[in-house]
Amino acid sequence: MSSAFDFEPQPRRASVAVDVGGVIVGGGAPVVVQSMTNTDTADVDQTVAQVAALHKAGSELVRITVDRDESAAAVPKIRERLLRLGIDVPLVGDFHYIGHKLLADHPACAEALAKYRINPGNVGFKDKKDKQFAEIIEMAMRYDKPVRIGVNWGSLDQELLTRLMNENQARGFPLTAQQVTRETIVQSALLSAELAEELGLPRNRIILSAKVSGVQDLIAVYAMLAARSDHALHLGLTEAGMGTKGIVASSASLGILMQQGIGDTIRISLTPEPGGDRTREVQVAQELLQVMGFRQFIPVVAACPGCGRTTSTVFQELAQKIQEDIRASMPVWREKYPGVEALKVAVMGCIVNGPGESKHADIGISLPGTGETPAAPVFIDGQKAMTLRGPKIAEEFQLLVADYIEKRYGRGQAAAE
Ligand code: SF4
């Protein structure tokens, strides 16, 4: 018989810690949020601006494309400009096809990056494959950088896939084509890690990922990988898609894996709307970790969905305003109010659940529903503190939230406690 404890998060899978430019991935460290730019890396201005925005949003590692000489030459300039802006976020170089050559030809790039990402499916083909893979690993050892061996089924090692398909056929097809493909993805990651270790790269310099675009495939592949290695794992659903679909698919798959203790760093691969905000992927990653109770980044605003009992939009507007204010204020609050990320605010639409939910929050307001007396009780630390009335309820509640934060998390208060 199952118990409620069966549904608790599983202990984090034991993995080897990897230091990526001062950020620890694996070994039980908090799950790291990372992101990737979509600027042309050769465009230093644009790339610096986007890395800065991603970092400001909370990205702890930022990956940039290094696809040609011009982008490799830009990497040290980008790093330097960021440092001058006071931004010391580790940069990860994403290499395909010619990474070995770019790293050899651009030593300043090899030095400026905090990690190299290589894809065993397209590091080189036939007899060049192992040689070029070895050249990148040697670079990583020379510059003392970790690597992520990132398998992606859109660029899966076709020789390995063909071999495993043939072996499956010879055994009378005991596995489906889907199972063989999943096994190929896992083996591609593990065999490449084995080769890197044979070449001398220590295990604490290797992170693995195995990205696919199907939710069930992703869960299966990472469960297999987790069971068969102790490498730190980077989780991500590739080609997650746009808007809600991308968010739902990524959250479902990564949420299930992290609930099982699997995953040391995550990236949410959202396709932005044209001209959309790239930092959305960071926001989603943080919110996923926070709603699951694994990390805290920003105060949570609990708001009811609204229903026929509250026909005005006052509470929706207030909930939105409070959330936006919090997000905009966080870069300053993080410094000024240590611990503020644990704050819980409730903005509720009527008396049915309003007082109850507000009492569970640190500070909450229950707005009047349709036909209710136009009064909004405010609850602070579980107790009714006051009732707001009149046309300025929203503004007054915002001031109360600011006052609560100052009193509870202000440095003078923290020192006094
Ligand atoms: S708290 Fe009131 S307004 Fe909000 S969903 Fe519940 S019943 Fe509807």
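The values are calculated or read from the model by the stated rules, or taken from the named source; none is laboratory data. Computed from a predicted structure; not experimentally measured. FYI the Cβ positions are ideal-geometry reconstructions off the backbone, even for glycines, and counts take in every protein chain you see.
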### Query
Quick check, is V301 modelled with pLDDT under 95, in contact with a helix residue (DSSP H, G or I) (Cβ under 6 Å, 6 or more places away or on another chain), within 16 Å of the ligand (Cβ to nearest atom) and within 28 Å of I393 (Cβ to Cβ)?
yes
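Okay, residues lined up against (1) under 29 Å from L82 (Cβ atoms); (2) modelled with pLDDT of 95 or more; (3) in contact with a helix residue (DSSP H, G or I) (Cβ under 9 Å, 6 or more places away or on another chain):
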position	(1), (2), (3)
K115	yes, yes, yes
D130	no, no, yes
G150	yes, no, yes
G154	no, no, no
N166	no, yes, no
### Query
Which residues, taken from region 256-270, are closer than 18 Å to I149 by Cβ, assigned to a loop (DSSP other than H, G, I, E, B), at pLDDT 95 or above and not charged (D, E, K, R)?
I262, G263
### Summary
Taking region 381-401 and keeping residues under 33 Å from the mean Cα position of the chain (by Cα), surrounded by fewer than 20 Cβ atoms within 10 Å (Cβ to Cβ) and not small (G, A, S) leaves D381, Q398, L399, L400
### Task
Residue by residue through region 1-16, note down the ones that are surrounded by 15 or more Cβ atoms within 10 Å (Cβ to Cβ) and of a type outside the set (D, E, K, R).
S15, V16
### Query
If S366 satisfies every condition in (1) within 14 Å of the ligand (Cβ to nearest atom); (2) surrounded by fewer than 13 Cβ atoms within 10 Å (Cβ to Cβ) but one, which is the exception?
(2)
### Message
Being under 20 Å from V23 (Cα atoms) and hydrophobic (A, V, I, L, M, F, W, C) is the filter here; which residues of region 84-107 pass it?
### Response
L85, I87, V89, L91, V92
### Task
Test L318 against the criterion of being away from the ligand (no atom under 16 Å from the Cβ) and in contact with a helix residue (DSSP H, G or I) (Cβ under 8 Å, 6 or more places away or on another chain), and give yes or no.
no
### Task
Taking the residues in region 324-357 that are free of Cβ contacts under 8 Å to residues at least 40 places away in the same chain and within 16 Å of the ligand (Cβ to nearest atom) as candidates, determine which candidate is nearest to the chain's Cα centre (by Cα).
G356
### Summary
With criteria (1) within 16 Å of the ligand (Cβ to nearest atom); (2) modelled with pLDDT of 85 or more, T313 comes up short on (2)
#### Entry: So G26, is it out of contact with any Lys or Arg (no Cβ under 8 Å at 6 or more places or on another chain), of a type outside the set (K, R) and in contact (Cβ under 8 Å) with a residue 60 or more places away in the chain
yes
### Query
Looking at D130, D144, which is the one that is assigned to a helix (DSSP H, G or I), farther than 24 Å from R278 by Cβ and not hydrophobic (A, V, I, L, M, F, W, C)?
D130
#### Entry: Selected residue (criterion: surrounded by the fewest Cβ atoms within 10 Å (Cβ to Cβ)) from residues of region 148-179 that are of a type in the set (A, V, I, L, M) and more than 20 Å from S209 (Cβ to Cβ)
A170
